[in-house]
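Please read the structure below before turning to the comments.
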Amino acid sequence: MELPLPAALDRLADRGWPALEREALGPWVLRAAGGVTNRANSVLAIGDPDPGPGSGSGSADIAEAVDAAERWYAMRALPTVFQVSPAASGALVRELGRRGYREHSETAVLVAERAAVAATLGVSASGHAADAPGAASDVSVATSPSRGWLDTWWAVDGRGGAAERATVEGILAGGPALYAWAGASADPDAVARLALADDWGGLYAVATLPRARRRGLARRLAVALAGASASAGVERLWLQVVAANAPALALYEGLGFTPASRYSYWEQARGREQWR
């Protein structure tokens, strides 16, 4: 498949995990969601900021835009974080380095043809997993997450208390998606989500409880979602995975995903950690 531009993938990922609050700053987007997840609490920094009336150009514009972003996040008692991909300005990276920002959480962006992923284990367009040696036959797909789906995902990836969980539930409700799980609906062994964005589907929230690991459930859920999304008009898939997560990269590349872009977060040096 033809690889999309990094900017297109950045915008897809933004749609797939939408912040609860957002504001344009030229071509950039300031995003906030109470500090819950870096993606929903960072500047989507595509291209150069538009120069304001009477401003200069180049590094002066970048400095003014970073100043504006820092004020915006300070008003929300959040550290300023930039999501920086190849679509970002090189001048921005230099400015963040000059200010002592810390780069972390390098993430790989992978893409695949939906039909190719769905065919890897013979999953029907309805999303029901076909029988295969060692496969879980109790994979289900729905258009909204059950309480059990949320409980399983939060048990694996959640960080914080009731307020943080409520924020994440608001993010999940911010756009159309499909939700897959393996096992009983009330207490799934594993879960995954596919955000729907036009003819693209974005794989998020893949989580397996410790009791069910090493059974290939993450693979089966990804394939089930690929099959189920055909009826929603999805033709291509994307996902983000921490670049250092070799087992996950091997899993997704085995399903036919190809590296297409990367990004990392640059965080204001304030000593506060966030989660991906």
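Structure notes:
- Extension gain, Thr143-Ala60: 0.36 nm per intervening residue step, less the Cα-Cα distance, totals 25.2 nm.
- Positive-pole candidate from Thr143, Pro188, Pro210, dipole of the chain, charges at beta carbon: Pro210
- Among beta bridges that DSSP assigns inside the chain, antiparallel share in %, nearest 5: 85
- With loop membership from DSSP and a limit of 15 other Cβ atoms within 10 Å, the longest segment of the chain without GluC sites (Glu not before Pro) is 3-234.
- Rounded if a/c under 1.5, otherwise prolate or oblate - region 136-276, Cα gyration tensor axes: rounded
- Helix-derived mean residue ellipticity, 222 nm - over the chain, DSSP H n ≥ 4, -39500 (n - 2.57), to 500: -9000 deg cm²/dmol
- Under 14 Å, Cβ to Cβ, from Ser144 - net charge with Lys/Arg +1 and Asp/Glu -1: +1
- Taking θ as phi - 60° and the Karplus parameters 6.51, -1.76 and 1.60, the scalar couplings of region 223-234 work out to 5, 4, 5, 4, x, 5, 6, 4, 5, 8, x, 6 Hz in sequence order, x denoting glycine and proline.
- Dipole of the chain, positive end: most advanced residue of Leu78, Pro176, Ala155 [Cβ charges, Cα centre]: Ala155
- For region 61-69, backbone phi angles converted through the Karplus equation (6.51, -1.76, 1.60; θ = phi - 60°) give residue-by-residue couplings of 5, 4, 4, 5, 5, 5, 4, 5, 5 Hz, Gly and Pro being listed as x.
- Within-11-Å neighbourhood charge of Ala205 [Cβ basis; K, R +1; D, E -1]: 0
- Rolling a 1.4 Å probe over the protein heavy atoms gives the chain an accessible area of 42 Å² per residue.
- About the centre of its Cα atoms, region 141-190 shows a dipole size close to 100 debye [charges on the beta carbon of Lys, Arg (+1) and Asp, Glu (-1) only; nearest 20 debye].
- Placing dummy labels 7 Å off each Cα toward the beta-carbon, the span from Glu106 to Ser231 is 4.2 nm.
- Using C-alpha pairs below 8 Å separated by at least 6 residues, the relative contact order for region 3-111 is 25 percent.
- Remark: spin-label model distance Ala250-Arg214 equals 1.3 nm, labels positioned 7 Å along the Cα→Cβ axis.
- Extension gain for Ala77-Arg98 works out to 5.3 nm (0.36 nm per residue, less the C-alpha to C-alpha distance).
- Relative contact order (percent, whole number), the chain, Cα cutoff 8 Å, 6+ residue spacing: 27
- Sorting the segments 139-148, 210-219 by their residues' average number of neighbouring beta-carbon atoms within 10 angstrom, most packed first, yields 139-148, 210-219.
- Segment Met1-Asp199, extension gain: residue separation times 0.36 nm, minus the distance between their alpha carbons: 69.9 nm
- Protein accessible area in the chain, 1.4 Å probe - carbon and sulfur %: 52
The values are calculated or read from the model by the stated rules, or taken from the named source; none is laboratory data. Given the structure is predicted, the values throughout are model-derived calculations rather than measurements. All Cβ positions, even for glycine, are placed from backbone atoms using ideal geometry, and neighbour counts span all protein chains on display. For the accessible areas, the whole protein counts, side chains as well, though only heavy atoms, and no ligand, DNA or RNA atoms are used. Shrake-Rupley method; radii C 1.70, N 1.55, O 1.52, S 1.80 Å.
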